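Here the structure is laid out as structure tokens; the discussion comes afterwards.
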Amino acid sequence: MATDSPWARLRADFAESRLAMAGLGLLVALVGLALLAPLLSPQNPYDLAQLDVLDSKLAPGEKSSTGGTYWLGTDDQGRDMLSGILYGLRISVGVGVASTGLALSIGMVFGLLSAYFGGWLDAIIMRVVDIQLSFPSILIALILLAVLGQGVDKIIVALVAVQWAYYARTVRSAALVERQKEYVEAAKVLALSEARVVFRHLLPNCLPPLIVVATVQVAHAIALEATLSFLGLGLPVTEPSLGLLISNGFQYLLSGKYWISFYPGVALLLTIMAINLVADQLRDVLNPRLRR
Amino acid sequence: MSAEPLLQVEGLRTHFFTKAGVVKAVDDVSFSVARGKVMGLVGESGSGKSMTGYSIVGLVDSPGRIVGGRILFDGVDLATLDPVAWRAIRGKRIAMIFQDPMMTLNPVLRVDTQIVEAVLAHAGVSRESALARAREALVRVGIASPDERLRAYPHQFSGGMRQRVAIAIALVNQPDLIIADEPTTALDVTIQGQILFEMQKICAESRTALIWITHDLSVVAGLADTVCVMYAGRVVETGRVSEVLGQPLHPYTRGLIDSVPSRNRRGEPLRQIPGMTPSLLGMGEGCAFRERCAAASAACASSPDVAELARGRFVRCFHPVGEPMAAASP
Amino acid sequence: MISPVTGEQPPLVALRDVSKRFASRMDLASRIAARVGAGPAQQVVRALDSVSLEVKQGEVLGLVGESGCGKSTLGRIVARILEPTSGERFWRGAPYSAFDGRSQRAERLAIQMIFQDPFASLNPRLRIVDVIGEAPVVHGLIGREDREAYVADLMARVGLDASTAKRFPHQFSGGQRSRIGIARALAVQPQFLVCDEAVAALDVSIQAQVLNLFIRLREELSLTYLFISHDLGVVRHLSDRVAIMYLGRVVELATAGEVFARPNHPYTQALLAEIPTIEPRKRAFQPIRGEIPSPLSPPPGCHFHPRCPHSTERCRREQPAFREVAPGHFSACHLNDTK
């Protein structure tokens, strides 16, 4: 155990739960599929030239006019569902991770500054956070998207705007606790610069709760994006995410052509579930009270 | 003198079965406590003293459990009791006081509620009667204006007061034995003095036996009749306080006493025990102290047994530092 | 300004009428509520009440007291972690404010602190080589490339195995962590160490080792210590002079021998009577009555009068002056006036 870093211990503790490892495996598989979508999918669903409207609304397993099998059927525009889901996964996960990452960075900085400096800076930042968090996230996102228009980048902006406040608040609580600890006082006595104290000493020790929140929030961001797309905002119809795919198939749900909504829904469910399994175990593992 | 000891612990073993291996927290511990007498259980961190206390009261949590030995309390082996029988004894005949009074006190309940609860759990008396007993218990532990204090919450008390309330709860059912796990370690010296004074008085008056677990030999010196010194889960020396402190036989006890600042000349380096306490994980054969012992020899590679060098005087060592004196009159 | 009238060096560290108040934070709503009489008033803790103290070069000044006496606050004010509410601090005769600038960082490093909690005082995410080696590199005392050798040297000096430098704090025992904290302080080549209950959390056998380390380092490196502790036995062993504090004030100051042989202030006397000793005879404890008052509302006049067996009417009204009652022996008690 010569270099038993906190991260190595984290990995070891995490691996104790088989369920969480299964979740992690599933997540890795899904992300892998998403990343490799261009290579794996039989068809590029964004290329309108490849679509044949005569192939629309075919059930899963039916053959296409060109000879291939539509394993998961097609939607109303003749798009192969499997390809659509792979690409949709790509967008959903990509948007989820990107928006979480950005929101985390922004929120983290504000939270740290708020906790470290206190006083009026803290008061102002926290009031903004409070106001932000008292609005339903959907509402804020809707308004922003209505103003900004459609596009992947616009949706990421909206999601970041909605999420940063959680991180700010979480980091602030953790930083307030850490700030009282003697190693921070020691850093001050050693006359280290404030920037160094905040980023090299405080920050790494505020990560555990942040990791837990961030993991859960990725799932939340994905779900939020799906909702927004379902409502018709954010992503253009030609670049569907899972939410949009579900939305497209909604009208056909009761008329028997379930697969247009169902399979994207399953993909979305699996993704969110995998993330939550991982997040649950992380939360238990990172909770210092539960640690032996 | 009473014939049978109230508590007789024989060969107690409490092991923890962790991921990393077996931790023998309590390894062959034996001692006895007579009615109305005070025994000091002394050791540093990792010595197993607290775990011994928890084993006696049946509060060992998984992954630990008692794997061997007997705990004879008034003839009954506590190690074999089922939870129902335990509840009848714990709190009524054996009470425990913890280092942190907030381990006893519920922060959201008033003090009177908590003490009354303790009374009613073991006696079918009326609430008024229980309340009266609660009040009386607070007076006994030296809390002024008990009526006011009864209606207060734990957070409104200072650390010393909270500990007194915890002691009051321990006393309210008139137990035969109290086990106190470092109750004054976190308190100031003057408050510690007060509490030690109260405990001395109370135990003498009600003939309650007391096991005082501590790392502080000087507390034991003033308070206890007998002392039991533990190291790495084993008992290394037992005897009357005056004998053990006046003429320690085990090298560890001797080292401990010698390293106290008041026993050394001012300004000179203190006599110290070199090295560190061994990890309890996977401790093998041999005397646990041999790495740090000046008197260690090849013989110490096998575990020494407890030898009774004089009446009531036990040492676990192949090379005790000297012979015990003839026992003074009790 | 303390001028060395006798031609001696000025004391290394001096505090002049230092007071520290902690006021509870009131946000806008509480402030309004307090203004109109509803809601709690602002709570003010008077941690230190006009304390004056000097530490001479090369000495060990022991600072003793129980909870609420303000000794930890005093230590932190000396170490620049906290600012005093009023009063002045001096380093080698010059006020601390003279060393506030960036260019005076080196001077500020001359005062270092050893903390009580061996667990919380080390950053759990840094390897030991970084814990010890960060500051000297940042301040330019050594070059990056020399860091490992420098840290190894320091670790050896405090009795640690240098090969463990790449490990993390959680892999060390409490005693070893204390040593790491000491090495960290020594790494910036200080002249003055504030030891805030540095051995309180350690086992007795480890305590002896660490105390011996302090003694050795003092000789090897010509250090000066402000040794804060509640343990009178330890303080007596290590200190040249001892100051006793009670509720924010210094009540007695004398050489260690004097304080323990001829304690003047009733609180000191009570404290000394309370120390359990290891002498193997059973004794009846004679406790001092009453609780330690809260620093939120200290008693008027002499803070100790509610618990003092000799208190008079004057003690209730008037704060006693801190006067010299014997050469080098100071005490704050009205009873001395009658002698």
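The values are calculated or read from the model by the stated rules, or taken from the named source; none is laboratory data. Predicted model, so just to flag it, every value in this text is computed and none were measured. Backbone-built Cβ (ideal geometry, glycine too); neighbour counts: all protein chains shown.
Return the residues of segment C:6-59 that are crowded, with 17+ Cβ neighbours inside 10 Å and β-branched (Val, Ile, Thr); say none if nothing qualifies.
C:Val13, C:Val18, C:Val45, C:Val51, C:Val55
In this structure, does C:Arg236 turn out to be farther than 28 Å from C:Ser331 by Cα and assigned to a helix (DSSP H, G or I)?
no
So for segment A:170-180 (the condition being in a helix (DSSP H, G or I), surrounded by 21 or more Cβ atoms within 10 Å (Cβ to Cβ) and of a type in the set (Ser, Thr, Tyr)), does at least one residue qualify?
yes
Quick check on segment C:68-77: of everything there that is more than 10 Å from chain A (Cβ to nearest Cβ) and under 8 Å from the mean Cα position of the chain (by Cα), which residue is surrounded by the most Cβ atoms within 10 Å (Cβ to Cβ)?
Applying the filter and picking the extreme gives C:Leu74.
For the condition at pLDDT below 90, surrounded by fewer than 22 Cβ atoms within 10 Å (Cβ to Cβ) and either farther than 26 Å from C:Ala201 by Cβ or facing chain C (nearest Cβ under 9 Å) (or both), what is the one hit in B:Ser129, B:Ser145? Steps first, answer last, please.
Values: B:Ser129 fails: at pLDDT below 90.
Sole residue among the options that is at pLDDT below 90, surrounded by fewer than 22 Cβ atoms within 10 Å (Cβ to Cβ) and either farther than 26 Å from C:Ala201 by Cβ or facing chain C (nearest Cβ under 9 Å) (or both): B:Ser145.
Tell me, which residue of segment A:253-281 that is buried (at least 17 other Cβ atoms within 10 Å of the Cβ) and either modelled with pLDDT under 80 or aromatic (Phe, Trp, Tyr) (or both) is farthest from A:Gly84 (Cα to Cα)?
A:Lys257
Which ones in segment B:236-256 are assigned to a loop (DSSP other than H, G, I, E, B), of a type outside the set (A, V, I, L, M) and crowded, with 24+ Cβ neighbours inside 10 Å?
Answer for segment B:236-256, where residues must be assigned to a loop (DSSP other than H, G, I, E, B), of a type outside the set (A, V, I, L, M) and crowded, with 24+ Cβ neighbours inside 10 Å: B:Pro248, B:His250.
Before we move on, is C:Val131 more than 11 Å from chain A (Cβ to nearest Cβ) and crowded, with 18+ Cβ neighbours inside 10 Å?
No; evaluated as a whole, the condition is false for this residue.
So, of the residues in segment C:219-233 that are surrounded by fewer than 21 Cβ atoms within 10 Å (Cβ to Cβ), within 12 Å of another protein chain (Cβ to nearest Cβ) and in a helix (DSSP H, G or I), which turns out to be nearest to the chain's Cα centre (by Cα)?
Restricting to residues being surrounded by fewer than 21 Cβ atoms within 10 Å (Cβ to Cβ), within 12 Å of another protein chain (Cβ to nearest Cβ) and in a helix (DSSP H, G or I), the top hit is C:Gly233.
Collect the residues in segment C:78-96 that are farther than 30 Å from B:Gly159 by Cβ and either within 14 Å of another protein chain (Cβ to nearest Cβ) or at pLDDT below 85 (or both), keeping them in residue-number order.
Correct list: C:Trp91, C:Tyr96.
How many residues, within segment A:137-155, are in contact (Cβ under 8 Å) with a residue 40 or more places away in the chain and not hydroxyl-bearing (Ser, Thr, Tyr)? Step through it out loud before you land on a result.
Of all residues in segment A:137-155, those in contact (Cβ under 8 Å) with a residue 40 or more places away in the chain come to A:137-138, A:141-142, A:145-146, A:150-152, A:154-155.
Cutting the leftovers down to not hydroxyl-bearing (Ser, Thr, Tyr) gives us A:138, A:141-142, A:145-146, A:150-152, A:154-155.
Residues in segment A:137-155 being in contact (Cβ under 8 Å) with a residue 40 or more places away in the chain and not hydroxyl-bearing (Ser, Thr, Tyr): 10 in total.
Within segment A:120-139, how many residues are surrounded by fewer than 17 Cβ atoms within 10 Å (Cβ to Cβ) and either in contact with a strand residue (DSSP E or B) (Cβ under 8 Å, 6 or more places away or on another chain) or not acidic (Asp, Glu) (or both)?
The qualifying residues number 13.
Of the conditions (1) within 14 Å of chain B (Cβ to nearest Cβ); (2) modelled with pLDDT of 90 or more, C:Met155 satisfies every one except a single condition; which number is it?
Among (1) within 14 Å of chain B (Cβ to nearest Cβ); (2) modelled with pLDDT of 90 or more, C:Met155 violates only (1).
Exactly one of these conditions fails for B:Val111: (1) within 14 Å of chain C (Cβ to nearest Cβ); (2) more than 25 Å from the chain's Cα centre (by Cα); (3) buried (at least 21 other Cβ atoms within 10 Å of the Cβ). Give me its number.
(1)
Using the structure shown, decide if A:Ile106 is at pLDDT 85 or above and in contact with a Ser or Thr (Cβ under 6 Å, 6 or more places away or on another chain).
Numbers: at pLDDT 85 or above: yes; in contact with a Ser or Thr (Cβ under 6 Å, 6 or more places away or on another chain): no.
No.
Results for (1) β-branched (Val, Ile, Thr); (2) more than 9 Å from every other protein chain (Cβ to nearest Cβ); (3) farther than 30 Å from C:Arg125 by Cα, shown as yes or no for each residue.
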site: A:Leu142; (1), (2), (3): no, yes, yes
site: A:Leu148; (1), (2), (3): no, yes, yes
site: A:Trp164; (1), (2), (3): no, yes, no
site: A:Ala168; (1), (2), (3): no, yes, no
site: A:Ser173; (1), (2), (3): no, yes, no
site: A:Tyr183; (1), (2), (3): no, no, no
site: A:Val197; (1), (2), (3): yes, yes, no
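Report the residue count in segment B:209-235 for those that are within 13 Å of chain C (Cβ to nearest Cβ) and assigned to a strand (DSSP E or B).
7
Output the helices (runs of 4 or more DSSP H) that fall wholly within segment C:1-119 and possess 3 or more residues being farther than 15 Å from C:Phe192 by Cβ, or say none. So that I can check it myself, show each step before the final result.
Values: elements: C:28-35, C:71-78, C:105-108.
Correct list: C:28-35, C:71-78.
For segment C:241-273: of the residues being charged (D, E, K, R) and surrounded by fewer than 21 Cβ atoms within 10 Å (Cβ to Cβ), which is nearest to the other protein chains (Cβ to nearest Cβ)?
Applying the filter and picking the extreme gives C:Glu258.
What tally of residues in segment C:40-64 results from selecting those that are hydrophobic (A, V, I, L, M, F, W, C) and over 16 Å from the mean Cα position of the chain (by Cα)?
Residues meeting the conditions: 3.
Please verify whether C:Leu122 is touching a helix residue (DSSP H, G or I) at 6+ places or on another chain (Cβ under 7 Å), away from chain B (no Cβ under 14 Å), surrounded by 22 or more Cβ atoms within 10 Å (Cβ to Cβ) and modelled with pLDDT of 90 or more, treating the condition exactly as stated.
Taking the combined requirement at face value, the residue satisfies it.
Could you run through segment B:257-288 and say how many residues are in a loop (DSSP other than H, G, I, E, B) and more than 11 Å from every other protein chain (Cβ to nearest Cβ)? So that I can check it myself, show each step before the final result.
In the first step, residues of segment B:257-288 are kept if they are in a loop (DSSP other than H, G, I, E, B); the result is B:259-260, B:264-280, B:282-288.
Okay, now just the ones that are also more than 11 Å from every other protein chain (Cβ to nearest Cβ), so B:280, B:282-288.
Total satisfying the criteria: 8.
Write out, first by first residue and then by second, each pair whose Cβ atoms fall under 6 Å of each other, whose residues are 6+ apart or on separate chains, and whose first residue, in segment B:260-272, is surrounded by fewer than 19 Cβ atoms within 10 Å (Cβ to Cβ) while the second is among the β-branched types (Val, Ile, Thr).
From segment B:260-272, the pairs are B:Pro269/C:Ile215.
Of (1) surrounded by fewer than 19 Cβ atoms within 10 Å (Cβ to Cβ); (2) under 27 Å from the mean Cα position of the chain (by Cα); (3) not acidic (Asp, Glu), A:Gly243 satisfies all except one. Which?
(1)
Go through A:Ala191, A:Ala186 for me and flag whichever is outside any helix (DSSP H, G or I), crowded, with 17+ Cβ neighbours inside 10 Å, out of contact with any Cys (no Cβ under 7 Å at 6 or more places or on another chain) and without any contact (Cβ under 8 Å) to a residue 12 or more places away in the chain.
So the residue among A:Ala191, A:Ala186 that is outside any helix (DSSP H, G or I), crowded, with 17+ Cβ neighbours inside 10 Å, out of contact with any Cys (no Cβ under 7 Å at 6 or more places or on another chain) and without any contact (Cβ under 8 Å) to a residue 12 or more places away in the chain is A:Ala191.
Evaluate segment C:200-211: report whether one residue or more is among the aliphatic types (A, V, I, L, M), under 24 Å from C:Asp117 (Cβ atoms) and touching a strand residue (DSSP E or B) at 6+ places or on another chain (Cβ under 9 Å).
Yes; the residues of segment C:200-211 include at least one that is among the aliphatic types (A, V, I, L, M), under 24 Å from C:Asp117 (Cβ atoms) and touching a strand residue (DSSP E or B) at 6+ places or on another chain (Cβ under 9 Å).
One line per residue, one yes/no per condition, for (1) in a helix (DSSP H, G or I); (2) out of contact with any Ser or Thr (no Cβ under 8 Å at 6 or more places or on another chain); (3) away from every other protein chain (no Cβ under 13 Å):
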{"position": "B:Ile178", "(1), (2), (3)": "no, no, yes"}
{"position": "B:Ile191", "(1), (2), (3)": "yes, no, no"}
{"position": "B:Gln194", "(1), (2), (3)": "yes, yes, no"}
{"position": "B:Lys201", "(1), (2), (3)": "yes, yes, no"}
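Give the residue that is farthest from the other protein chains (Cβ to nearest Cβ), with candidates limited to residues of segment C:175-201 that are assigned to a loop (DSSP other than H, G, I, E, B) and surrounded by fewer than 24 Cβ atoms within 10 Å (Cβ to Cβ).
C:Gln191
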